[in-house]
Amino acid sequence: MSQPRLRLVHRKIAGMRKKRSRGKEDIIRVGDTIKITQPYLFIRCGYSLTLEKCRELILQDEKYMKIKQEIAILINKQIKTPTSNLLDYNNTTCLPNNLDYEIDNLLAKIYITANNFGGPQRTLHTKYDEKLKGLKAEVLDIKFHKTGTYTPGYSCANYYDGGADYCPAYLSDEQTHKILCINLLSDVLFPPITKQNTWTPADAYYWGDAIWIEDTNVVKIKGEEHA
């Protein structure tokens, strides 16, 4: 086996995640009832920089704003139509809103690529919400995300038969995360009103709101535990 192929095998072995020691009855499925033990809400999975964040950053970057100004001047010079209510010809950097957004989006893509998406670490991004701790919910949907360190692929010559050897980009230290879409139960959102209980921590959430959370932050409620 060639050296690159050996690396690929070692990478796959190193990237395997240890299986959780969960019995069949503990596996969370759609329709199950769970209790939130660690209220870390799932926001997204990915690298630290996003296009939305980069659109904000370029507005503070003099280099990118100068490029945007030059693009605006060039576009205005190329417009042949008479005075338009979308453009202020007294200001050569003024652009229609939709075009302004497209330019920002393009510059944001350049910015995020130039800054390597904020680094090679693909992680889960979460938000802590103490109000949800201990509350019960129903599982509506399930999806999976992978995290790890981005490792570029490579290609080289196979010295045994003269062919090309290739390995695609991959995530080292790869882990798979089970993300649950949950809905707070109606008795949590609308508990019986008493003198002692006129408000619940879940009041900030409306009936039907979908909340995403990793399965490691909840426990499954089984059988008699529902009572």
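The values are calculated or read from the model by the stated rules, or taken from the named source; none is laboratory data. Quick caveat, the model's predicted, so the values are computed rather than measured. All Cβ positions, glycine included, derive from the backbone under ideal geometry; neighbour counts span all protein chains shown.
Hey, does region 42-59 have a residue that's surrounded by fewer than 11 Cβ atoms within 10 Å (Cβ to Cβ), at negative phi, among the acidic types (Asp, Glu) and modelled with pLDDT under 90?
Step one: filter region 42-59 for residues surrounded by fewer than 11 Cβ atoms within 10 Å (Cβ to Cβ), giving 52.
Subset that is at negative phi: 52.
Narrowing further to those that are among the acidic types (Asp, Glu): 52.
Then keep just the ones that are modelled with pLDDT under 90; that gives none.
Within region 42-59, none of the residues are surrounded by fewer than 11 Cβ atoms within 10 Å (Cβ to Cβ), at negative phi, among the acidic types (Asp, Glu) and modelled with pLDDT under 90.
Write out, first by first residue and then by second, each pair whose Cβ atoms fall under 7 Å of each other, whose residues are 6+ apart or on separate chains, and whose first residue, in region 172-185, is in contact (Cβ under 8 Å) with a residue 12 or more places away in the chain and in the same structural domain as residue 40 (by TED's automatic domain parsing) while the second is part of a strand (DSSP E or B) and of a type in the set (Ser, Thr, Tyr). That search, which allows pairs on different chains as well, returns 172/149; 172/151; 173/149; 175/147; 177/147.
Scanning for something modelled with pLDDT of 95 or more, assigned to a strand (DSSP E or B) and either out of contact with any Gly (no Cβ under 8 Å at 6 or more places or on another chain) or closer than 20 Å to residue 35 by Cα (or both), does region 162-172 turn up at least one residue?
No, region 162-172 contains no residue that is modelled with pLDDT of 95 or more, assigned to a strand (DSSP E or B) and either out of contact with any Gly (no Cβ under 8 Å at 6 or more places or on another chain) or closer than 20 Å to residue 35 by Cα (or both).
Over 30 Å from residue 217 (Cα atoms), at pLDDT 70 or above and touching a Ser or Thr at 6+ places or on another chain (Cβ under 6 Å): is that true of residue 108 in this structure? Steps first, answer last, please.
Details: over 30 Å from residue 217 (Cα atoms): yes; at pLDDT 70 or above: yes; touching a Ser or Thr at 6+ places or on another chain (Cβ under 6 Å): no.
Taking the combined requirement at face value, the residue does not satisfy it.
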